[in-house]
Amino acid sequence: MLKKIKDIKSWKIAVLLFFLGIFVGYLFFGLGRGKNSNCHISYDYLNPRLGCQNKQIISKVSYLNLQHSLTAYLDAEKSAGRLADAGVYFRDLEYGPIFGVDSNKLFISASLIKLPTVMTVLRLADINPKFLEKKVLYSQEIPSDNQDFGPAKKLEVGNSYSIDELISRSLQYSDNASNELLIDELSKISPNEDLIFDTFKDLGLVVPGDVTKGDLSAQSYSSLFRLLYNASFLSKENSEKILSLLDKASFSQGLEAGVPPGIKVASKFGEREIDFVSNGGAPKGHIDELHDCGIIYYPENPYLLCVMTKGQDFDVLAKIIAHVSQMVYEEVDSRRIE
């Protein structure tokens, strides 16, 4: 009888341990994975991340209607004389649709070049992190008179700044002086090789030439943000560093103005004014270009948007970019799956 009681107790203990094991497994492999609970699914020929994909947040059907609406809006702005030309590129970063409106049309890169410059510097810092601590003397003023949206903070002549601080100022304030000092440091490191040129080649971008002819498209420039978002060019730490600095950028009249407050926008803007003169040298007019490209961190489903514009007035162009951003955000938000 005593043996039978012991056997029953052993059986109960075994059952208890069995269910305890299931519970622990659920905690580690179920709740522990949270929204990535599908990680046990594997594919032989697809991106491994697909097996851990989060549940679908927004509908992934084609954006054809939005594409038509954006085309109609931009055409109307052109007819009204407020816009000379534009290029738009959109990409859902959670395995969603892509579309563009003249997304391969070339525009002047202007301050957009600051981003690949910083990526070149941080590529060196991935190898030698102490490089960011190096101090650089700002010995002579570098004017930023050609910037309509000038830096909120400027370097002071006679002061020394670390490479790390120059990176922050170059991205947050789009400061020309900081960017020039970074370029100068790169030329000192490799006097016989253009490191930024090498970065352009590695990134598959067209190397800037005559600025009056255009050198970048909305689609080609957008590839930089995909590389940063996936940390596939720089380390995770430095990719995160760049995007967090761009989220703090002082320019808020473009993409950021088109989304609700509190939505993170990691973007880089660029501006350029080209003056035209007659054969006699007299002023004949000008053309402005204003661009804003980056990642809009829609909750749980970030997307990439790049808008490049050309016209006669920077403020008008900024409003057009903001309106495009608003149209895109509202469309994305309307697709949310409750």
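The values are calculated or read from the model by the stated rules, or taken from the named source; none is laboratory data. The shown structure was predicted, so the numbers you read here are calculated from the model rather than taken from an experiment. Quick reminder, even Gly has a Cβ in these numbers, built from the backbone with ideal geometry, and neighbours come from all protein chains shown.
What to note about this one:
- Restricting attention to segment 93-125, the residues that are farther than 26 Å from residue 195 by Cα and either assigned to a helix (DSSP H, G or I) or of a type in the set (S, T, N, Q) (or both) add up to 1.
- In segment 69-83, residue farthest from residue 231 (Cα to Cα) [restricted to those that are crowded, with 19+ Cβ neighbours inside 10 Å and touching a Gly at 6+ places or on another chain (Cβ under 9 Å)]: 77
- All positions within segment 286-338 that are part of a strand (DSSP E or B), under 20 Å from residue 99 (Cβ atoms) and not charged (D, E, K, R): 291, 293, 294, 295, 296, 303, 304, 305, 306, 307, 308, 309
- Residue within segment 272-284 that is within 17 Å of residue 88 (Cα to Cα) and in contact with a strand residue (DSSP E or B) (Cβ under 9 Å, 6 or more places away or on another chain) present: no
- Residues within segment 222-242 that are surrounded by fewer than 21 Cβ atoms within 10 Å (Cβ to Cβ) and closer than 20 Å to residue 271 by Cα, tallied: 1
- Close Cβ contacts (under 9 Å, 6 or more residues apart or on different chains) running from residues in segment 149-177 that are farther than 21 Å from residue 123 by Cβ and assigned to a strand (DSSP E or B) to residues that are at pLDDT below 95 and not hydrophobic (A, V, I, L, M, F, W, C) comprise 160/138.
- Unique residue being in contact with a Leu (Cβ under 7 Å, 6 or more places away or on another chain) and either modelled with pLDDT of 95 or more or of a type outside the set (Asp, Glu) (or both) when the list is 89, 43: 43
- Of all residues making up segment 283-318, the number that are in contact (Cβ under 8 Å) with a residue 40 or more places away in the chain and basic (Lys, Arg): 1
- Of all residues in segment 84-110, those satisfying the criterion of being crowded, with 21+ Cβ neighbours inside 10 Å and either outside the structural domain of residue 234 (by TED's automatic domain parsing) or farther than 23 Å from residue 329 by Cβ (or both) are 108, 109, 110.
- Answer residue from segment 257-273, given it is of a type outside the set (A, V, I, L, M) and in contact with a Lys or Arg (Cβ under 9 Å, 6 or more places away or on another chain) and is surrounded by the fewest Cβ atoms within 10 Å (Cβ to Cβ) among those: 270
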